[in-house]
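Just so it is clear, none of the values below were taken in a lab; they were calculated from the coordinates. What you are looking at is a predicted structure, and each value in this text was computed from that prediction instead of being measured. Don't worry about glycine lacking a Cβ; one is built from the backbone with ideal geometry, like all the others, and counts go over all protein chains shown.
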């Protein structure tokens, strides 16, 4: 499944900003908190969309889409 997430802002303790696309095998639902791999390590994220169509991924980036493997239980 492909999902969109927004990241947590530690300074304001809120979620926001632009959406990022991830793949996952977890049965996620909208508004679940997850841990997202980034180039800076894991970041807290909030799922904003589930079952995003593959056609929404830019083919130039398709091979770089990372995978969410765990929920944020904290």
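Taking label positions 7 Å along the Cα-Cβ direction at both residue 51 and residue 13, the computed distance is 3.5 nm, reported to one decimal. Between the alpha-carbon centers of region 1-15 and region 19-74, tell me the distance in whole angstrom. Cα centroid to Cα centroid, the span is 10 Å. Note on the chain: the C-alpha convex hull projects to 5.0 nm² when averaged across all orientations. Fewest neighbouring Cβ atoms within 10 Å first, the residues 21, 12 line up as 12, 21.
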